[in-house]
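> Just dropping this structure here.
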Ligand code: PSU
Ligand code: MN
């Protein structure tokens, strides 16, 4: 019999949570599926370093040998980053991975759930999963949305990638009672570009203001996530015209090859990387850095108490 897969929380993370020091959770599908080797491991380690430099304890979440881990070791991170065809694990996949003793990168959905269980309130990622184009017939909508409806965490993201149906994603976030904040912007960001073309429901100007919203959410005993939508720096965004052109091309390629379901996101991301000669990859890394830094500021504001 395989032993039950209990949640493992690294000592450093557990101690920081117990002491009320700032902790930021990071996901690992960005390592296993979002970025190519060897950039994936470098980016994962750099994100942890960024947090440490900001006085925040990093807690990268993933599945190692079937066990959900909050605070992966360097060796575990390297194994996830370097093993080909490692699993992408969303909430529904956790029991299968546990039973098989598999390794895997956790999606936003699974990461948010596991991080919250460990007692972490802030999570930084690149982009959220959302409603896929054509979802009205395929029903392909990320489990991230449903998870965010039921996990009281703060997630920093640069919106959702434009490979998705952005207006439909915002509609679903509204339906699911997820609070969406634009960080110093009125426009919901489009990941590679600062403006997806859709507005945000509310705008905030500072980490303290974000912390006030999170505290109010908790005081109201709401169980849903707050999404802090943080646009990439203007100097780092993909040129909006180029962005439109490469996106159309990637979508056409996916349709031609019949890519569907779980494989769609990684496929489209890889297509965009190829057709921008890796520039989309640089934007992806810049987006992630920006979100991790902002996550650190928010975690510090929350740990610092009301002001
Ligand atoms: N968006 C990105 N990069 C990613 C993902 C989303 O810009 O790597 C990953 C995240 O882990 C997210 C997951 O939770 O893809 C969503 O996948 P799906 O649509 O299959 O739920
Ligand atoms: Mn999907």
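Derivation of every value follows stated rules applied to the coordinates shown; laboratory data play no part. For clarity, every value in this text was computed on a predicted model and none was experimentally measured. So basically every Cβ, Gly included, is an ideal-geometry build from the backbone, and we count neighbours across all protein chains shown.
> May I have the convex hull volume per residue, in Å³, for the Cα set of the range 220-276?
124
> Provide Rg and Dmax in Å for the chain, with only Cα atoms included in the calculation.
For the chain, the Cα radius of gyration and maximum Cα-Cα distance read 17.9, 56 Å.
> Another one. Regarding the range 37-107, what whole-number volume in Å³ per residue does the convex hull of its Cα atoms give?
Each residue corresponds to 77 Å³ of Cα convex hull volume.
> OK, next. Got a sec? How would 29, 111, 265 order by Cβ neighbour count within 10 Å, fewest to most?
Fewest-to-most ranking of 29, 111, 265: 265, 29, 111.
> Turning to a different aspect of this structure: Compute the distance in nm between two label points, each set 7 Å from the Cα along the Cα-to-Cβ direction, one at residue 263 and one at residue 203.
4.3
> If you take the Cα atoms of the range 100-150, find Rg, then find the Kirkwood Rh from the mean of 1/r over all pairs, what is Rg/Rh?
1.04
> Now a separate question. Return the percentage of antiparallel bridges among DSSP beta bridges fully within the chain, rounded to the nearest 5 %.
30
> Mind jotting down the distance between the C-alpha centroids of the range 49-71 and the range 167-191, whole Å?
Distance between centres, Cα-based: 26 Å.
> For the range 152-205, calculate the relative contact order in percent as a whole number, restricting contacts to Cα pairs under 8 Å that are 6 or more residues apart.
36
> While we're here: Would you please put 156-165, 30-39 in order of how densely packed they are, using the mean number of other Cβ atoms within 10 angstrom per residue and starting with the highest?
Per-residue Cβ counts within 10 Å, averaged per peptide and sorted highest first, yield 156-165, 30-39.
> Tell me the label-point distance for the pair residue 212, residue 256, using the 7 Å Cα-to-Cβ offset, in nm and rounded to one decimal.
Computed distance between label sites residue 212 and residue 256 equals 5.2 nm.
> Further, regarding this structure: Based on the mean of other beta carbon atoms within 10 Å per residue, what is the order of 277-289, 213-225, most packed first?
277-289, 213-225
> By what distance, in whole Å, do the Cα atoms of the range 149-304 stretch along each of the three principal axes, largest value first?
The Cα atoms of the range 149-304 stretch 50, 32, 22 Å along their principal axes.
> Report the equivalent ellipsoid semi-axes for the range 185-226 in whole Å, largest first, defined as the square roots of five times the eigenvalues of the gyration tensor built from alpha carbon atoms.
24, 12, 8
> Between residue 277 and residue 177, what FRET efficiency comes out of the Förster formula 1/(1 + (r/R0)^6) with R0 = 41 Å and r the beta carbon distance, rounded to 0.05?
Once rounded, the FRET efficiency stands at 0.50.
> From Cα pairs below 8 angstrom and at least 6 apart in sequence, can you work out the relative contact order of the chain, rounded to a whole percent?
Relative contact order, the chain: 19 percent.
> Against the empirical 2.2 N^0.38 Å scaling, what ratio does the C-alpha Rg of the range 172-264 come to?
Dividing the Cα Rg of the range 172-264 by 2.2 N^0.38 Å gives 1.35.
> Using alpha carbon coordinates only, what is the Rg to Rh ratio of the range 50-188, with Rh defined as the Kirkwood radius?
In the range 50-188, Rg relative to Rh is 0.98.
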